[in-house]
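The values are calculated or read from the model by the stated rules, or taken from the named source; none is laboratory data. Bear in mind the structure is a predicted one, so any value in this text is a computation, not a measurement. Using ideal geometry, Cβ is built from the backbone for each residue, glycine included, and neighbour counts are taken over all protein chains shown.
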């Protein structure tokens, strides 16, 4: 049976791992290659690297990092951050990334989703969506969740699925950094609205939160960062707990 | 040992190369008929879309070359599908090495692509030596080979399908061994020992 995936996320800035609380206050949590190896041994199903380097020059070092990661680990990983063209994608995939994720650049130019999907296949394209509740509606936000757009979250996700996204990485900006649980209701709405896998992100703080987002949120995978980096939640312990609760999990 | 990886437009071979390196093998990437014929092992990776992959193979004349090899041959993912007779992906005629048709997963019943770790069972080949029934491997695909006479491993999504098939010296596996942690490395190691 296909299992639910547990995905540690490594935010990368200038070649180092960082994680912001609500995307501000960055803390250094180590060397990305070392962390990737540790997570592989601990049973992570997949990894996501998000490059938040400010400048294009610094981003170029990402390709070299991707190559080092691909050499060190033999589980799938996704790379995102600042990808805005088919050529950006080609460089990362050739370096050994399995998938890329696009976010703001797809909002700015939705055709990018079609272009990447046609060139490399839907299987390697994750569309990341940062959503925040504004009044009564969930709106897509860009630029690390700081800029609201006029796009309603569900309809935008349906659109990118039609354009050729292979997977959705849904981050609830209202939950991110709170450790108070994932956005189960929004995640379920998204999961039911599209026929591609949905990764839930933002708010995971303990084992119960992961159980909830798989059971109530119908997520296909769940992503978290700092709780794994600082070992507040141990991946193998989390997976055993979920398996005991009859969630299909790879042990 | 000389291991050749088939060079065409549908292979992202960096991870596969790293995995083989870890097993002590330095593969060559080639589309040369003689180099392929003289290799000890041939690996046929594949990612992307079937019709453009087949077009690339035909342009290079590889459609004929690949059918006439005698050493152990391993197709991976799209490579496995291209070894069959045809695929529903853009109604593409494939290599016809293994006489089976590749079908699309039923939309609506399950999410497509089938993406993630799934278990394999009914293992019937030396390439699964020391790999247990129920081991997990990493899959990413929207089309599948049904259960058939050539099936040497099965998975379920939602129904049983071929996770691996074999005919004579031609082996093929749907999941990515190079992305499947220790079980995947073991599978590659077993293939190299054939």
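Residues in the range B:147-178 that are within 14 Å of chain A (Cβ to nearest Cβ), outside any strand (DSSP E or B) and without any contact (Cβ under 8 Å) to a residue 60 or more places away in the chain were compared, and the one that is surrounded by the fewest Cβ atoms within 10 Å (Cβ to Cβ) is B:158.
Residues that are at the interface with chain B (Cβ under 10 Å from one of its Cβ atoms) and closer than 25 Å to residue B:142 by Cα: does the range A:52-70 have at least one? Yes, the range A:52-70 has at least one match.
Listed here are the residues, each with its yes/no results for (1) within 14 Å of chain A (Cβ to nearest Cβ); (2) closer than 18 Å to residue B:10 by Cα; (3) touching a strand residue (DSSP E or B) at 6+ places or on another chain (Cβ under 8 Å); (4) at pLDDT 95 or above.
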| site | (1), (2), (3), (4) |
| --- | --- |
| B:70 | no, no, no, yes |
| B:73 | no, yes, yes, yes |
| B:80 | no, yes, yes, yes |
| B:101 | no, no, yes, yes |
| B:104 | yes, no, yes, yes |
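Using beta carbons and a limit of 8 Å, which pairs, at least six apart or on different chains, have the first residue in the range B:18-47 and closer than 23 Å to residue B:182 by Cβ and the second one surrounded by fewer than 16 Cβ atoms within 10 Å (Cβ to Cβ) and at pLDDT below 95? Close Cβ pairs (under 8 Å, with a partner that is surrounded by fewer than 16 Cβ atoms within 10 Å (Cβ to Cβ) and at pLDDT below 95) amount to B:25/B:1; B:41/B:1. Which of the residues spanning the range A:71-87 are out of contact with any strand residue (DSSP E or B) (no Cβ under 8 Å at 6 or more places or on another chain) and within 14 Å of chain B (Cβ to nearest Cβ)? A:71, A:72, A:74, A:86, listed by residue number. For the range A:166-187, a residue qualifies if it is within 14 Å of chain B (Cβ to nearest Cβ) and farther than 16 Å from residue A:224 by Cβ, and the qualifying residues are A:166, A:167, A:168. How about the range A:161-182: which of its residues are out of contact with any helix residue (DSSP H, G or I) (no Cβ under 6 Å at 6 or more places or on another chain) and either free of Cβ contacts under 8 Å to residues at least 40 places away in the same chain or more than 26 Å from residue A:76 (Cα to Cα) (or both)? A:161, A:162, A:174, A:175, A:178, A:180, listed by residue number.
Take residue A:200 and decide whether it is under 19 Å from the mean Cα position of the chain (by Cα) and assigned to a helix (DSSP H, G or I). Considered against the rule, which asks whether it is under 19 Å from the mean Cα position of the chain (by Cα) and assigned to a helix (DSSP H, G or I), residue A:200 comes out as no. Criterion applied to A:119, A:185, A:207 was being within 25 Å of residue B:138 (Cα to Cα), surrounded by fewer than 24 Cβ atoms within 10 Å (Cβ to Cβ), at pLDDT 95 or above and out of contact with any strand residue (DSSP E or B) (no Cβ under 7 Å at 6 or more places or on another chain), and the one residue passing it is A:207.
Scanning the range B:18-44 for residues that are within 14 Å of residue B:74 (Cα to Cα) and within 14 Å of chain A (Cβ to nearest Cβ) returns a single hit, B:20. Which residues, counting only those in the range A:212-251, are closer than 18 Å to residue B:117 by Cα and crowded, with 19+ Cβ neighbours inside 10 Å? Scanning the range A:212-251 gives A:214, A:219, A:220, A:221, A:222, A:223, A:235, A:238, A:239, A:242, A:249, A:250. Checked against (1) farther than 19 Å from residue A:248 by Cβ; (2) surrounded by fewer than 20 Cβ atoms within 10 Å (Cβ to Cβ); (3) within 14 Å of chain A (Cβ to nearest Cβ), residue B:133 meets all criteria but (1).
When A:45, A:98, A:138 are checked against the criterion of being under 30 Å from residue A:150 (Cα atoms) and at pLDDT 90 or above, A:138 stands alone in meeting it. Residue-level analysis places residue B:90 among those that are within 30 Å of residue B:33 (Cβ to Cβ) and either in contact with a helix residue (DSSP H, G or I) (Cβ under 6 Å, 6 or more places away or on another chain) or more than 10 Å from chain A (Cβ to nearest Cβ) (or both).
May I ask you to verify whether residue A:158 is surrounded by fewer than 22 Cβ atoms within 10 Å (Cβ to Cβ) and either in contact (Cβ under 8 Å) with a residue 40 or more places away in the chain or over 17 Å from the mean Cα position of the chain (by Cα) (or both)? Answer is yes for this residue.
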